[in-house]
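Written out below as structure tokens is the structure these notes cover.
Here, each number is a calculation from the coordinates, and none is a lab measurement. This is a predicted model, so every value here is computed, not measured. Reconstructed Cβ throughout: ideal geometry from the backbone, glycine too, with neighbour counts over all protein chains shown.
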Amino acid sequence: MGWEEKQVRGYPEFVQTAQRYHGRPIFALFCGDKDAAGKSWCPDCVTAEPVVRKELHNMPDESVFIYCLVGDRSYWKDPNNEFRKNLKLTGVPTLLKYGTPQKLVEEECFKAELVRMLFTED
Amino acid sequence: QEAAKYEKKVMVLDFVMPTPLGNSWGLGGTCVNVGCIPKKLMHQAALLGQALQDSRKYGWQFTEEVKHNWMTMTESVQNYIGSLNWGYRVSLREKNVTYENAYGEFVGPHTVKATNKRGVEKLYTAERFLIATGERPRYLGIPGDKEYCISSDDLFSLPYCPGKTLVVGASYVALECAGFLAGLGLDVTVMVRSILLRGFDQDIANKIGEYMEEHGIKFIREFVPIKVEQIEEGTPGRLKVTAKSTTGNQITEGEYNTVLVAIGRDACTRKIGLDKVGVKINEKTGKIPVNDEEQTNVPYIYAVGDILQDKLELTPVAIQAARLLVQRLYGGATSKCDYVNVPTTVFTPLEYGACGYSEEAAVQKFGEENIEVYHSHFWPLEWTVPSRDNNKCYAKIICNIQDNERVIGFHVLGPNAGEITQGFAAAMRCGLTKEQLDSTIGIHPVCAEVCT
């Protein structure tokens, strides 16, 4: 069956989507919002996204890849935002396997080998 | 990781043989997965239960009885361990250390065979090898032990509350587990063959046992189990344990939900092909004798950790020995691991921190007339308000009279024993004497000041 991608924005939409696919492996990449020209305010996210996308084919069958825009810069900087509070995210970009302690944060997302390891680890 | 810093090409072969009940775990070894880490977290869970009781006297008001949920605790603990397993995977990858989840064994000079869980075999050669395979719990060797009993390998991820538990053994593993299980509200019995905490200061070991007994843990002394039968299946089920006295013909029987075996650990050295490369092991204990540079009798094979003969079985000792070894091999360093005055802590309900000689060992080595023992009971300030025991906490310092009253043994029994002991261990490494200790002004009001 391969894998499928869902693009969401904001915390409630993320949670709703993750819950819908409960039971399948879910990987999520959290990035800062993109402007009208498609560029994110988060330079690390700009670097990480193509690296992650290139490794997506390594995800197990039936996986769901959720690409989640967290919000604008000021929302992200707020220490009480829902992503920080509920998902315990500490930085963007974050790539994680939902429901497990497995995640890669910031520069770790630039390394194809680490991304591949996250997608293929059991 | 240390070797990789020196640009060496490094591979790690880590594989966990499942327990008799099918349990296994991730990268990190015993300490992380089924030892120190989950143990301390569960000990903390038990301490928090006690703190909740104490809190009423400090003014906290809550009407409901406080209950403990085993699954909630275990899930949190396993989640944390999972993050550590993952952290090590990322760390090894980032440092370019090749990791294989495969069982390694020597098949010939400089050659190992790695077998993964699907049975796929690969051969690897290397210039040098470091063995750090550790130990696994020993079973009793009686009918029903592997089918019905659990060990520390199973306890920390048990998917159901163990219920009424019999702990067989009097090692620190046995007493620490019995301690926190009772602290969580379970009915706990400890079956002891002879003495408590063999190898530790016996005066303190007995105080630990007394404290546990006074706080609801039952002890059956001088008995060993001879058979375990299942009365009823379940999670947990019901088990019948038959035990025989070590001093006569008396037989006793008991019914428990869970039987936890903690009678010792055996080195994982018998099935890794050491005979194929000529590494000598102690046939009786399975331990590997090494020189003071952690080298086995085969020059290119080294060993560290719990498998070493006559060395302390502690995580930080293994880590330090390994780091220094690699620095000597590839970094031009000369420091060897110092196995003397290594501090340790037993996390029983009343914690015990120690560094250096026990009283018995000091008497044996230096002679009773040449040592001076200073000791005192103390009552932690935090225990006064809730009226907790006022004569159980205890500190003991052993000094060598012939060497300026050098402090050669430090023992403290009380809350936060580990935190207290760490600093004094550093002082002992600097050659702490009784006079220096006396001239150190205490911090007030803390337990540690009783030592100054």
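Reported to the nearest whole Å, the Cα centre-to-centre distance from the stretch B:111-151 to the stretch B:160-206 is 27.
Close amide H pairs (under 5 Å, H built 1.01 Å from N) link B:GLY216 with no residue at least 5 positions away or on another chain.
Annotation: the antiparallel percentage among DSSP beta bridges lying fully within the protein assembly as shown is about 65. With a Förster radius of 35 Å applied to the beta-carbon distance between B:GLU255 and B:SER376, the computed FRET efficiency rounds to 0.20.
Need the C-alpha centroid separation for the stretch B:275-325 versus the stretch A:45-122, integer Å. One Cα centre to the other: 41 Å.
Whole-Hz Karplus values for the stretch B:343-355 come out as x, 8, 9, 9, 9, 6, x, 9, 6, 10, x, 9, 8 Hz, taken residue by residue from phi with 6.51 cos²θ - 1.76 cosθ + 1.60 and θ = phi - 60°; glycine and proline positions read x. Summary: within chain B, the longest segment free of chymotrypsin sites (Phe, Trp or Tyr not before Pro) located in DSSP loops with at most 11 other C-beta atoms within 10 Å is B:63-452.
Between B:ASP389 and B:GLN436, the FRET efficiency from the beta-carbon distance, with R0 = 35 Å, is close to 0.65. 3J(HN,Hα) along the stretch B:194-201, derived from phi through the Karplus expression 6.51 cos²θ - 1.76 cosθ + 1.60 where θ = phi - 60°, amounts to 9, 9, 8, 6, 4, x, 9, 4 Hz, with x in place of Gly and Pro. Placing dummy labels 7 Å off each Cα toward the beta-carbon, the span from B:TYR339 to B:HIS110 is 3.0 nm. Close amide H pairs (under 5 Å, H built 1.01 Å from N) link B:GLN309 with B:ILE288, B:VAL290, residues at least 5 positions away or on another chain. Note on chain B: antiparallel DSSP beta bridges, both residues inside, total approximately 70 percent of the bridges counted. Residues whose amide H lies under 5 Å from that of B:VAL342, counting only those 5 or more places away or on a different chain, are B:GLY356; hydrogens are built 1.01 Å from N in the peptide plane. Annotation for the stretch A:62-122: trypsin sites (Lys or Arg not before Pro) lying in DSSP loop with at most 11 further Cβ atoms inside 10 Å of their Cβ are A:LYS88. Using θ = phi - 60° in the Karplus curve 6.51 cos²θ - 1.76 cosθ + 1.60, the 3J(HN,Hα) couplings for the stretch A:85-99 round to 5, 8, 9, 6, 6, 10, x, 10, x, 10, 10, 9, 9, 4, x Hz; x is entered for Gly and Pro. Adding -39500 (n - 2.57) for every DSSP H run of four residues or longer, then dividing by how many residues chain B holds, sets the calculated 222 nm ellipticity at -9000 deg cm²/dmol.
In plain terms, chain B is cut at each of the GluC sites (Glu not before Pro) found in a DSSP loop with at most 11 other Cβ atoms within 10 Å, and the longest leftover piece is B:284-452.
Remark: B:HIS411, B:HIS215 ranked as B:HIS215, B:HIS411, counting other beta-carbon atoms within 10 Å and listing the fewest first. From helices alone, chain A scores -9500 deg cm²/dmol at 222 nm; the rule is -39500 (n - 2.57) for each run of n ≥ 4 DSSP H residues, then divide by the residue total.
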